[in-house]
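**Student:** Have a look at this one before I ask anything.
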Amino acid sequence: MSLSVARRGRWLGWALVVASLLLVPLGTGVGSVGLENLWPALWGDGSDPASRAARDMAWQIVWDIRLPRTLGAWCAGALLGLAGAVAQGLFRNPLADPYLLGSASGASLGVAAALALMGGGAGMVGSAKGAAVTLVFSGHWLVRLGLTGAAFAGAVLAVLLTLALARGVQHTLRLLLAGVIVGVVLGAFTSLILLLSPDSLQAMQAFLLGSTGFVGWTSCLLMAGVWVLCLVAAWALSRVLDGLALGESTAHSLGLPLAPLRAALVAVLALATGTAVAQTGLIAFVGLAAPHLVRAVAKVPHGRLMGLASLMGAVLLAAADLLARGLIAPQELPVGVLTAVLGGGYLLWLMHRRTGPGGLL
């Protein structure tokens, strides 16, 4: 790696760290209540009951809602960016994304099944809007834990099914095809459950479109812990991805035990993706675009790419969350829709640039 490339990688890393530090305080001021209204209440003297109540409410909005949501978006983006870099290196395909092993479809199936069961049980109380919608938006920690657990369990089971169908991790192409098949089949089962349980459709929409609105401090701590674990493991396995980038025969000649190391990479990919999806739903293009953006600045080896792609994904999702809250405030857009539009537009521009005169494709 040349000195200029290494310098660009370092500058990119510092720029992403600075952007992250700027996005966190910005995230506390964007929402249905603007910073111009929050700021006087936050630092009110509390001399009378009304000002004390306003101050307590303002601190609750900042500390219990906006700050964990912003940090949760950052952590989820970091997990997806890391998973995208692992997936593209593992499959040796720049179009690979974290959902290729069927984890997204498995998580969707788990949430759909949980919502259908909850809707059936709570329907006896006569909820006017549908029991599933009431349960999801009630914010009860036990319900949120159930939906999160169902999403994570579905994602893990989908990956295990993909591995079983591919008969291990020895053949990358077979693993890729198995992931596509599992995703299609589980997606069909999800549609069938939603067809049989129409009360779950509105609640399921929040998961399918992606949302950081339900992220609390517990989710932030969980995602941060998993991110650190996966980042360390991916960095330790980066030499395998560097070898695979040169071809299977080259990797074998380096004396790398590819089968167990591939299995470890699949475990990192599944854990990072499953954790992010379980907490925020299906957020498109972050894991796919983050490694591309890093490579556009500096073509670094996988050891550095893991950290840079992770930071890039974190900044992308945190910025998208701010835009989703601020564009049509006091209402907000689903962050997954915004990332799909922006990420899809970027990839279309990249494809157009590379297929034009003098392009690469």
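**Student:** Please work out if ARG304 is open to solvent by 60 Å² or more (accessible area, probe 1.4 Å), at pLDDT 85 or above and part of a helix (DSSP H, G or I).
**Tutor:** Yes.
**Student:** Answer yes or no as to whether LEU244 is touching a helix residue (DSSP H, G or I) at 6+ places or on another chain (Cβ under 9 Å), within 29 Å of LEU305 (Cβ to Cβ) and assigned to a helix (DSSP H, G or I).
**Tutor:** Numbers: touching a helix residue (DSSP H, G or I) at 6+ places or on another chain (Cβ under 9 Å): yes; within 29 Å of LEU305 (Cβ to Cβ): yes; assigned to a helix (DSSP H, G or I): yes.
Criteria met by LEU244.
**Student:** Would you tally the residues in region 325-342 being closer than 17 Å to GLY281 by Cα and hydrophobic (A, V, I, L, M, F, W, C)?
**Tutor:** 6
**Student:** Is it the case that some residue within region 162-176 is under 26 Å from THR339 (Cα atoms) and assigned to a helix (DSSP H, G or I)?
**Tutor:** yes
Residue-wise test of (1) within 22 Å of LEU90 (Cβ to Cβ); (2) assigned to a helix (DSSP H, G or I); (3) of a type in the set (A, V, I, L, M); (4) open to solvent by 20 Å² or more (accessible area, probe 1.4 Å).
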| site | (1), (2), (3), (4) |
| --- | --- |
| SER310 | yes, yes, no, no |
| GLY313 | yes, yes, no, no |
| ALA318 | no, yes, yes, no |
| LEU322 | no, yes, yes, yes |
| GLU332 | no, no, no, yes |
| GLY336 | no, yes, no, no |
| THR339 | no, yes, no, no |
| GLY343 | yes, yes, no, no |
| MET351 | no, yes, yes, yes |
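**Student:** May I ask you to list the residues in region 229-242 that are open to solvent by less than 80 Å² (accessible area, probe 1.4 Å) and over 15 Å from the mean Cα position of the chain (by Cα)?
**Tutor:** Hits for region 229-242 are ALA233, ALA234, ALA236, LEU237, SER238, VAL240, LEU241, ASP242.
**Student:** Only residues that are crowded, with 19+ Cβ neighbours inside 10 Å, at pLDDT below 90 and small (Gly, Ala, Ser): list them for region 156-177, please.
**Tutor:** If the condition is that a residue be crowded, with 19+ Cβ neighbours inside 10 Å, at pLDDT below 90 and small (Gly, Ala, Ser), then ALA166 is the only one that fits.
**Student:** May I pose another question? Do we have any residue at all in region 255-275 that's open to solvent by 40 Å² or more (accessible area, probe 1.4 Å) and part of a loop (DSSP other than H, G, I, E, B)?
**Tutor:** Yes, region 255-275 contains a residue that is open to solvent by 40 Å² or more (accessible area, probe 1.4 Å) and part of a loop (DSSP other than H, G, I, E, B).
The values are calculated or read from the model by the stated rules, or taken from the named source; none is laboratory data. Keep in mind that this is a model prediction, so the values were computed, not measured. No Cβ is skipped: glycine too gets one built from the backbone with ideal geometry, and neighbour counts run over all protein chains shown. Please note that ligands, DNA and RNA were not included when accessible areas were found on the heavy atoms of the full protein model with its side chains. Shrake-Rupley method; radii C 1.70, N 1.55, O 1.52, S 1.80 Å.
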